[in-house]
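Comments concern the structure below.
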Amino acid sequence: MSEQFLAFAEISSETADGKYTYTLSFSETPDVVWGENWNYTPAGAVSSLKPDESIITSKAEFSTETRFLLAIENCCFAMQDCIDDIIPLLFYESGTTPPLVLHFGEAESSVREKLTANGLILGELISTNKDDAVINNMIENLKDDESGEL
């Protein structure tokens, strides 16, 4: 599997006893990750913000009793601001451990290190059904946009 980069963070479940399971989505091509309404501000006002699943190449989960701040719930910024590195995808500061800050486009190895430093264990990366044709088409469109050609 090629190097994976963080593309999305969300709560996948919450138990009655106060534990949260977070799902982190990764992509081999973070420069083309996008989702419907990702430019809408604030992100928290849009229900079901998700990246285009055809670009997500793997996912992994971790569980904790800590409720993290997530970009998708932000009341001031858009998901585009994560891509522009203005805000993180996931954040928590406890005061007793180093702040946990995970950014869009961060390498999976760095994400794993940060979680471990905070006593959390990221599960195994599970491959998803990425669509190479969609990814290649988006890369070509990005190249055309950057060159100014239509």
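The values are calculated or read from the model by the stated rules, or taken from the named source; none is laboratory data. Remember, it's a predicted structure, so these values are computed and weren't measured experimentally. Counting neighbours? That spans all protein chains shown, and the Cβs are built from the backbone with ideal geometry, glycine included.
Structure notes:
- Verdict on residue 25 being small (Gly, Ala, Ser) and modelled with pLDDT under 95: no
- Of all residues in the range 102-111, none are modelled with pLDDT of 90 or more, of a type in the set (Val, Ile, Thr) and surrounded by fewer than 16 Cβ atoms within 10 Å (Cβ to Cβ).
- Among (1) touching a residue at least 40 places away in the same chain (Cβ under 8 Å); (2) in contact with a helix residue (DSSP H, G or I) (Cβ under 9 Å, 6 or more places away or on another chain); (3) under 17 Å from residue 77 (Cβ atoms), the one test that residue 40 misses: (1)
- Residues that are touching a helix residue (DSSP H, G or I) at 6+ places or on another chain (Cβ under 9 Å) and touching a residue at least 40 places away in the same chain (Cβ under 8 Å) within the range 43-56 comprise 50, 52, 54, 55, listed in sequence order.
- Total residues in the range 3-27, condition part of a loop (DSSP other than H, G, I, E, B), in contact (Cβ under 8 Å) with a residue 40 or more places away in the chain and more than 15 Å from residue 123 (Cβ to Cβ): 2
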